[in-house]
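Enquirer: Take this structure first; my questions come after.
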Amino acid sequence: MTLAHGHNLLLDVNFWELVSTKEPVPLAVISTLLLFSLASVTIILAKWKQLRGAEGWNGQFLRAFRKAGRMDAIAAAVEQFRTAPLATVFEFGYEELTRQTSQRGTIRNPLAIERSLQIGISEEVGRLESGMIWLATTATVTPFIGLFGTVWGIIDAFQALGLTGSTSMRTVAPGIAHALVTTALGLVAAIPAAVFYNYLGNNVKKIGVRMEDFSLEFLNLAERDLEK
C-alpha cells in the first residue's frame, strides 16, 4: 500500500461515525467521562465565584470591625455582612462572650470563647470546601476510566482483525478511535480538576488563615471592651 493510498483511506474515514457508537462499554465510558467533566466545570465555576465573594465580603467586614471598635456596634451591623465567613466566626464568638458577660460583666472562661471561634472557623472552612472532594475524585479516577476505555478499544480492534482477517483502516479504525477518544477525554476531565483543586484549595487555606487571625483580633477587642 502506497503512502498516498493510505492517506486517502484516512480521509475516507469519518471520525464522528467512529466515535458515535452504540456498543455499551465504549458508550458508557465516554458518557461517564463527559459527566465527570461537566460536573467538574460546574463546581469549578461555582467555587471560584463563592471564594471570590467570600474574600470580598471578608475585607469589607474586617474594615467595619476595625473601624467600629466596639462589640455591640459590630453585632448590630453584622447582618449587612451575612455572606462573609468572618461574620459567622464573629457571631459564634460573640454569642459565647455575651453569655459569659451578661451576669458578671467579665470573661470567666476565655478558652470557651476560643473554642466557639474555632467551631465557627471549622464550619466556614467546611462550607467553603464543600464540593472540592468531587474535583479530587475526578482528577484521580478519570484517567483510569479513560485507560479502561483505551484497553477496551484496542481489544476491540484486535477482535475485528481476527474476525475479518483484514488489516484495512476501516476494520481497526473504530476500536482505535474509541481508544484514543477515551484517553483524551480522561485527560480533559482530570487535568482541569487537578489544577483547580489545588488552586481553589489554596484559596480556602488563605481564608482559613484570615479567620484564625481574626479570632485573635476578636479576643483583643473583647478584652479592651471590658476594660472600658
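The values are calculated or read from the model by the stated rules, or taken from the named source; none is laboratory data. Because the structure is predicted, anything quoted here is derived from the model rather than measured. Backbone-built Cβ (ideal geometry, glycine too); neighbour counts: all protein chains shown.
Enquirer: Take residue 143 and decide whether it is within 30 Å of residue 48 (Cβ to Cβ), in a helix (DSSP H, G or I) and at pLDDT below 95.
Expert: Yes.
Enquirer: Tell me, which residue of the range 115-138 that is under 18 Å from residue 39 (Cβ atoms), surrounded by 14 or more Cβ atoms within 10 Å (Cβ to Cβ) and of a type in the set (A, V, I, L, M, F, W, C) is nearest to the chain's Cα centre (by Cα)?
Expert: Only one residue tops the list, namely 132.
Enquirer: Now for a separate question. How many residues does the range 95-119 contain that are touching a residue at least 60 places away in the same chain (Cβ under 8 Å) and assigned to a helix (DSSP H, G or I)?
Expert: So the answer is 7.
Enquirer: Of the conditions (1) part of a helix (DSSP H, G or I); (2) surrounded by 14 or more Cβ atoms within 10 Å (Cβ to Cβ); (3) modelled with pLDDT of 70 or more, residue 155 fails just one. Which one is it?
Expert: For residue 155, the failing item is (2).
Enquirer: Assigned to a helix (DSSP H, G or I) and within 30 Å of residue 192 (Cβ to Cβ): does that describe residue 138?
Expert: Values: assigned to a helix (DSSP H, G or I): yes; within 30 Å of residue 192 (Cβ to Cβ): yes.
Spelling it out, residue 138 is indeed assigned to a helix (DSSP H, G or I) and within 30 Å of residue 192 (Cβ to Cβ).
Enquirer: Also, I was wondering about something else. For the range 21-38, indicate whether the set of residues that are outside any helix (DSSP H, G or I) and polar (S, T, N, Q) is non-empty.
Expert: Within the range 21-38, one or more residues are outside any helix (DSSP H, G or I) and polar (S, T, N, Q).
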